[in-house]
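**Student:** I have a structure I would like to understand better, so I am pasting it below and will then ask my questions one at a time.
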Amino acid sequence: MAMQRFWVLLLPVPMLIWPAVMNGYPLVFSDTGTYLSQAIHLYLGWDRPAFYSLFMMALHLTLTTWPVILAQAIFVILVLDCVRAAFFPAVPRAALPVLLLALSVLTGLPWLISRLMPDLFTPLLVLVLALLVFVPDRLSRGQARSLWVGAVAMTAVHQSNVLLCAGLLLALIPARRWLGARLALGRGGLARLAAIPALALLALTAVNFAAHRQASPSPYGNVFFLARVIYDGPGLRALQRECPRADWLLCKELGNFPPTSDDFLWLDDGPVVRAGGAKVVSLEATAIIIAALRAEPWAQLRAVIANTAEQLSLFSPGDGLHAWPETVSPWIVRDFPPAEQQRYAASRQTQGALAVPGWIEESDRASVWLGLAGLTVVFVHAVRRRDPRAGLCAAVFLAVLGNAVITGGLSCPHDRYQSRVIWLPVAVVLLALPGGRLLGSMRQLEADARGALARDGVTRALAHA
């Protein structure tokens, strides 16, 4: 039985990393260079936590990055298997490869798994929180402990995950009984759930204090929101009103702002760099933000709503699939052996020849809207029955919306951000609707077949006798 489970859980791995196989190397993004280098060279960047870098280091050992995406694929399989067993017990484990095959061709999930980025841990965090909040009684002690530890780690890999985790817990815990949870959490259960974002915040704060002498989970994160406020309008108008001011270095750059907030943040000769870098700009960012919000609070709120709406409609697995010769290639060349450098250099992405097939883009977009519609049906049906699947659906709905608010509304809308979570409705619907019934029927057919074989064996034995 253990061997059967082993093969069922490993069988889907190749189908979940097929984009990397097609590329000839795991997919990379601009941030990948920082995540590769932080743990190797023992430094902490101003904008990204070190925990995903440590996770990668434990797997690649500066030899090859392939184990990282293999581990990411296995995490997806294990978490979805827990969701299947706890929320959809009628679906047999043997059907898990079928579910993952469907997700690998209908959604952008394989492109998420195949990328050397912490984005995958956002949707997995949503599923793990749903398990811990709504069905802890259906988990073994070992599962509950592993999922709890995983939730803390997944929350800590990115600052936006802290906001998402805290928001989900605040929204879901008070409504858990209405959403189908059968047993009360008790003080101990509540304390364990509250400890997830608290410990993640503590870990982020401790690392930042050690590296930057700043007791903050994101000491320079205000620079991201500053860019958003400036390019939404209120921040720019605040600068125009207040400048020139001796204590605002950005006043000197006011006439030279580039067209987008990304250029503002990341251009090598952009305003942030010319003003002294993100750490310096961070010292004045909060004052500029406060001035903008005091003068135009409703304008900024409208901008957040508009950016959130835009983010909800933006999702594509192809975001950022071009080559990254300046931010990734130097670290591969510096820290990995020649064979790995050659594989990376020969990959389709590095050669500028990688693109998501058109049929994947079309199926991804179609499946998303069908998934959201189907999730609504599942939610209504589960609420009427006081089934804990209502809680799972609510967690997914809130994650899709919350992720859009955090990434699009407070940072900048990008396809990559919403692609993190947009496959979740499809996964739940495949388990809950026709998938659940058909896979349950498969299990019954299997039982009937075994019974028929057993009866046939008895008949033959009697005839032989």
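**Student:** Can you confirm whether Tyr25 is exposed (fewer than 15 other Cβ atoms within 10 Å of the Cβ), more than 19 Å from the chain's Cα centre (by Cα), closer than 24 Å to Trp324 by Cα and of a type outside the set (Gly, Ala, Ser)? Walk me through it before giving the result.
**Tutor:** Numbers: exposed (fewer than 15 other Cβ atoms within 10 Å of the Cβ): no; more than 19 Å from the chain's Cα centre (by Cα): yes; closer than 24 Å to Trp324 by Cα: yes; of a type outside the set (Gly, Ala, Ser): yes.
Taking the combined requirement at face value, the residue does not satisfy it.
**Student:** Here's something else I'd like to know. Listed residues Asp263, Asp319, Asp268; which is in contact with a Gly (Cβ under 8 Å, 6 or more places away or on another chain), under 19 Å from Thr32 (Cα atoms) and modelled with pLDDT under 95?
**Tutor:** Step by step, each of Asp263, Asp319, Asp268 is checked, and only Asp263 is in contact with a Gly (Cβ under 8 Å, 6 or more places away or on another chain), under 19 Å from Thr32 (Cα atoms) and modelled with pLDDT under 95.
**Student:** Keeping to region 261-278, report how many residues are exposed (fewer than 14 other Cβ atoms within 10 Å of the Cβ) and not small (Gly, Ala, Ser).
**Tutor:** Number satisfying all stated conditions: 2.
**Student:** Let me ask something else about it. Identify all residues within region 81-109 that are in contact with a Ser or Thr (Cβ under 7 Å, 6 or more places away or on another chain) and either under 19 Å from Ala153 (Cα atoms) or buried (at least 22 other Cβ atoms within 10 Å of the Cβ) (or both); write none if there are none.
**Tutor:** If we filter region 81-109 for residues that are in contact with a Ser or Thr (Cβ under 7 Å, 6 or more places away or on another chain), which is where we start, we get 105-108.
Within region 81-109, Thr107, Gly108 meet the criteria.
**Student:** Would region 289-298 turn up any residue that is under 29 Å from His212 (Cα atoms) and of a type in the set (Val, Ile, Thr)?
**Tutor:** Taking every residue of region 289-298 in turn, at least one turns out to be under 29 Å from His212 (Cα atoms) and of a type in the set (Val, Ile, Thr).
**Student:** Can you name every residue in region 178-213 that is part of a loop (DSSP other than H, G, I, E, B) and loosely packed, with under 15 Cβ neighbours inside 10 Å?
**Tutor:** Trp178, Arg182, Leu183, Ala184, Arg213
**Student:** Further question: Val421: modelled with pLDDT of 95 or more, in a helix (DSSP H, G or I), buried (at least 21 other Cβ atoms within 10 Å of the Cβ) and among the aliphatic types (A, V, I, L, M), yes or no?
**Tutor:** It is false that Val421 is modelled with pLDDT of 95 or more, in a helix (DSSP H, G or I), buried (at least 21 other Cβ atoms within 10 Å of the Cβ) and among the aliphatic types (A, V, I, L, M).
**Student:** Let me ask something else about it. Is it the case, given these coordinates, that Gln342 is more than 24 Å from the chain's Cα centre (by Cα) and either polar (S, T, N, Q) or modelled with pLDDT of 95 or more (or both)?
**Tutor:** Values: more than 24 Å from the chain's Cα centre (by Cα): yes; either polar (S, T, N, Q) or modelled with pLDDT of 95 or more (or both): yes.
In short, yes.
**Student:** While we're on this one: Tell me, yes or no, whether region 382-392 has at least one residue that is closer than 21 Å to Leu109 by Cβ, β-branched (Val, Ile, Thr), in contact with a helix residue (DSSP H, G or I) (Cβ under 7 Å, 6 or more places away or on another chain) and assigned by TED's automatic domain parsing to the domain that holds Ala95.
**Tutor:** no
**Student:** Being more than 24 Å from the chain's Cα centre (by Cα), within 30 Å of Leu392 (Cα to Cα) and free of Cβ contacts under 8 Å to residues at least 12 places away in the same chain narrows it down to one residue among Arg182, Arg187; which is it? Working first, answer last.
**Tutor:** Details: Arg182 fails: free of Cβ contacts under 8 Å to residues at least 12 places away in the same chain.
That would be Arg187, the only listed residue that is more than 24 Å from the chain's Cα centre (by Cα), within 30 Å of Leu392 (Cα to Cα) and free of Cβ contacts under 8 Å to residues at least 12 places away in the same chain.
**Student:** So which helices (runs of 4 or more DSSP H) are wholly in region 1-117 and hold at least 1 residues that are within 30 Å of Val223 (Cβ to Cβ), in the same structural domain as Gly142 (by TED's automatic domain parsing) and touching a residue at least 12 places away in the same chain (Cβ under 8 Å)?
**Tutor:** It comes to 32-41, 51-60, 66-87, 109-113.
**Student:** A follow-up question, please. Mind listing just one residue for me: the one in region 53-80 that is buried (at least 19 other Cβ atoms within 10 Å of the Cβ) and not aliphatic (A, V, I, L, M) and, of those, farthest from the chain's Cα centre (by Cα)?
**Tutor:** By that ranking, first place goes to His60.
**Student:** Is one or more of the residues making up region 197-208 of a type in the set (Gly, Ala, Ser), in contact with a Leu (Cβ under 6 Å, 6 or more places away or on another chain) and closer than 30 Å to His41 by Cβ?
**Tutor:** No, the conditions are met nowhere in region 197-208.
**Student:** Under the condition of being under 18 Å from Ser216 (Cα atoms) and in contact (Cβ under 8 Å) with a residue 60 or more places away in the chain, which residue from region 161-177 is surrounded by the fewest Cβ atoms within 10 Å (Cβ to Cβ)?
**Tutor:** Taking the candidates together, the pick is Leu163.
**Student:** Residues to consider are Arg115, Arg145; find the one that is among the charged types (D, E, K, R) and buried (at least 18 other Cβ atoms within 10 Å of the Cβ). Spell out the reasoning first.
**Tutor:** Details: Arg145 fails: buried (at least 18 other Cβ atoms within 10 Å of the Cβ).
Within the list Arg115, Arg145, the selection yields Arg115.
**Student:** Here's another thing I want to ask about it. Does region 302-312 contain at least one residue that is buried (at least 19 other Cβ atoms within 10 Å of the Cβ), modelled with pLDDT of 95 or more and in a loop (DSSP other than H, G, I, E, B)?
**Tutor:** Among the residues of region 302-312, not one is buried (at least 19 other Cβ atoms within 10 Å of the Cβ), modelled with pLDDT of 95 or more and in a loop (DSSP other than H, G, I, E, B), which makes the answer no.
**Student:** Are there any pairs, at least 6 apart or on different chains, whose C-beta atoms fall under 8 Å, with the first in region 262-288 and assigned to a helix (DSSP H, G or I) and the second basic (Lys, Arg), and if so, which?
**Tutor:** What qualifies is Arg274/Lys252.
Every residue, every condition in (1) under 19 Å from the mean Cα position of the chain (by Cα); (2) among the small types (Gly, Ala, Ser), yes or no:
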| residue | (1), (2) |
| --- | --- |
| Ile305 | no, no |
| Asp319 | yes, no |
| Trp331 | no, no |
| Ser367 | yes, yes |
| Asp387 | no, no |
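**Student:** Let me ask you something else. Which one is nearest to Leu99 (Cα to Cα) among residues in region 313-368 that are among the hydroxyl-bearing types (Ser, Thr, Tyr) and part of a loop (DSSP other than H, G, I, E, B)?
**Tutor:** Among those residues, the one meeting the criterion is Ser316.
**Student:** Next question. Would you confirm, using the coordinates I've provided, whether Ser282 is within 30 Å of Leu372 (Cα to Cα) and of a type in the set (S, T, N, Q)? Lay out the reasoning, then the answer.
**Tutor:** On the way: within 30 Å of Leu372 (Cα to Cα): no; of a type in the set (S, T, N, Q): yes.
Judged against the criteria, Ser282 is not a match.
The values are calculated or read from the model by the stated rules, or taken from the named source; none is laboratory data. Values in this document were obtained by computation on a predicted structure and should not be read as measured data. Every residue, glycine among them, receives a Cβ derived from its backbone with ideal geometry; neighbour counts consider all protein chains shown.
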